Amino acid sequence: MARNFDYIIVGAGSAGCVLANRLSADRAVRVLLLEAGGRDDSFLIRMPAGIGRLATPKVNWLYETVPQAEMAGRRMFWPRGKTLGGSSSLNAMVYIRGQPGDYDHWRDCGNSGWGYEQVLGYFRRAENNEVIADDSHGRAGPLNVCDRRYTNPLSRVFVEAAAAAGLTRNPDFNGRRQSGAGLYQVTQKNGRRCSAATAYLHPVLHRPNLTVITGALAQRILLHGQRATGVAYAHQGAAKEIRADREVLVSAGAVNSPQLLLLSGIGPAQDLRSLGIAVRHDLPGVGKNLQDHLDINVIHACSKPITLDGAARGLGALKTALQFAVLGNGPGVSNIAEAGAFLQSRPAAATPDVQLHFIPAYVVDHGRRKMPGHGMTLHVCYLRPGSRGEIRLRSADPADAPLIDPRYLSVADDLTPLIAGVRRAREIYAQAPFRRYIGAEVFPGTNRQSDAEIGEFIRSAAETEYHPVGTCRMGNDAQAVVDPQLRVRGVDALRVVDASIMPTLISGNTNAPTIMIAEKAADMILGRNTPA
């Protein structure tokens, strides 16, 4: 291994894999990619329907929040990817970009170059859409986007029921109009998961100028004065240091990127001193501005045994795995969240502010609680929460999980759209297309009808939608962590490139936007112009 590298990338998640690919394309540039987890060679990662069995410490950080005051005091489960591909190796593979207005809002907050027209070219560069060919989509990018080879019949019933409830049909949630109901496109190829590692990293592992080290826990960024010069990390029980001649790029995600900055003495000075960490740069916004989509499930029993529940149990699970392994089709290809919708929770909402994910199976407590029989789950997610939390250090030990405090529902107005979304979900279930299949309402249960009763249920049962962002916010004010070039303010040769730089949440799933961020960052680092 070379003693020095031009670029060191910390984190081989969605953003890190993109950076490793794009930067190492220049054979004169030496790139090192550090990943705390291991390789992504699990059969359950390759098989899309394996997502329900990936809550294991081998590939998952298995984080929990601190007790949430407005969520019945619960510690809430926060799974995050700990393997090549990061959370793109664990997620439901739903391909969503968000609304054009999300990015125009970033631009209007002072982030020049981040409006929708400026980022669209990067979405197109990343994408290889097998189905849709228009000026909004790409056909030659590394990230394969397609329709599934398998779709459970209940997912099509959901789309019919949503249309009967007044939602328009939408065959492309990533065009100019997001509202409506339809089947989700997914990041899969030939029936297998197409994670960021599959799309960007594995095809270039042969490059002699790219080095990947797994099982490498970054401990701190090395600084000389106010310049980042390398990374200290632990590997196979030994403490090591490696130098970067050009830049250190932190792509460890919305939890671990601020954690690494704080461990390095970059963050709120008072917080650092309280843990005995020497302050290298007082940057008060590090770890602040944490945002996440809160999600509540509306669940019905299904009167017919056609859900995915049977394919995930006993002999059904064995048959599913064999069919996938041998033929590359069947329920194993399902991304579980096969269909969905975007809608306005109230007439005053100019654009959709609620997202639905329909799952033709029981999903309770992230799938960890097993339910007998067959069920249907409709996830209701409020897209624009006002609540803001933070990531803090538990201690100065890099091996200690950080303190995660999203402060769900700390802004009271965040509850109202969720209650409206539950009512809308019930309305969809009540439509004629579901009548042949609908059983009893399991959750919230017919005994909960008033706003107060539904709100109490949300506080007791809602969970993360796995979309944390914002903890190294991009901007130009005193609380911003990075500038619009993603350079850490006040520290040279150091950037953060991942979902943590988002000023505000986008309207939907966050994986495709994270890949876009890294595509744009690669051009910034290399001094290239934005694509047309």
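The values are calculated or read from the model by the stated rules, or taken from the named source; none is laboratory data. Just so you know, these numbers come straight off a predicted model, no measurement behind them. Ideal geometry is used to build each Cβ from the backbone, glycine not excepted, and the neighbour counts take in all protein chains shown. Ligands, DNA and RNA are excluded from the accessible area calculation, which covers all protein heavy atoms including side chains. Shrake-Rupley method; radii C 1.70, N 1.55, O 1.52, S 1.80 Å.
Brief remarks follow.
- Comparing 421, 490, 469 along the charge dipole axis of the range 388-532, the residue lying farthest to the positive side is 421, per the Cβ-charge model.
- Under the criterion of Cα pairs below 8 Å and six or more residues apart, the relative contact order for the range 399-531 equals 14 percent.
- Remark: relative contact order (the range 430-494) = 12 percent; criterion is Cα-Cα distance under 8 angstrom and separation of 6 or more residues.
- Value of D in µm² per second that Stokes-Einstein yields for the range 184-342, Kirkwood Rh from Cα pairs, at 4 °C (1.567 mPa s): 63
- For the range 382-472, the fraction of alpha-carbon pairs lying more than 22 Å apart is 45 percent, rounded to a whole number.
- Residues residue 317 and residue 206, FRET efficiency given R0 of 35 Å [Cβ-Cβ distance, rounded to 0.05]: 0.45
- Taking the C-alpha atoms only, the angle from helix 415-429 to the longest principal axis of the chain is near 40 degrees.
- The Cα-based radius of gyration and maximum Cα-Cα distance (Dmax) for the chain are 22.2, 69 Å.
- Per residue value of the accessible surface for the range 195-243 (all protein chains in place, 1.4 Å probe), Å²: 44
- Cα long-axis angle, helix 314-327 against the chain (0 to 90 degrees, to the nearest 10): 60
- Taking the Cα centre of the chain as origin and assigning +1 to Lys and Arg Cβ atoms and -1 to Asp and Glu Cβ atoms, the resulting dipole is close to 1180 debye.
- Between 0 and 90°, nearest 10: helix 14-24 axis offset from the chain longest Cα axis: 40
- Cα pair distances of the range 146-251 binned at 5 Å [whole percent]: 2, 9, 12, 12, 12, 10, 7, 8, 10, 9, 7, 3, 0
- Potential extension, residue 134-residue 214 segment - 0.36 nm per residue separation minus Cα distance: 24.9 nm
- Helix-only CD estimate at 222 nm, as mean residue ellipticity for the chain, using -39500 (n - 2.57) per DSSP H run (n ≥ 4): -7000 deg cm²/dmol
- Percent of beta bridges antiparallel (DSSP, the chain, rounded to nearest 5): 70
- Relative intensity, log₁₀ I(q)/I(0), of the range 394-442 from a Debye sum that treats every alpha carbon as a point, q = 0.30 Å⁻¹: -1.08
- The Cβ shell under 11 Å around residue 82 holds other residues with a net charge of 0, Lys and Arg each +1, Asp and Glu each -1.
- In this Cβ point-charge picture (+1 for Lys and Arg, -1 for Asp and Glu), the range 121-247 has a dipole of about 220 debye about its Cα centre.
- Surface composition of the chain: carbon plus sulfur atoms contribute 50% of the solvent-accessible area (1.4 Å probe, protein chains only, all chains present).
- Per residue value of the accessible surface for the range 82-168 (all protein chains in place, 1.4 Å probe), Å²: 34
- Lys pairs, the chain - Cα-Cα below 23 angstrom, 8 or more residues apart or on other chains: 10
- Solvent-accessible surface (1.4 angstrom probe) belonging to residue 456, in square angstrom, nearest 10: 120
- Computed from backbone phi with θ = phi - 60° and the Karplus coefficients 6.51, -1.76 and 1.60, the 3J(HN,Hα) list for the range 369-376 is 9, 8, 10, x, x, 10, x, 9 Hz; x is used for glycine and proline.
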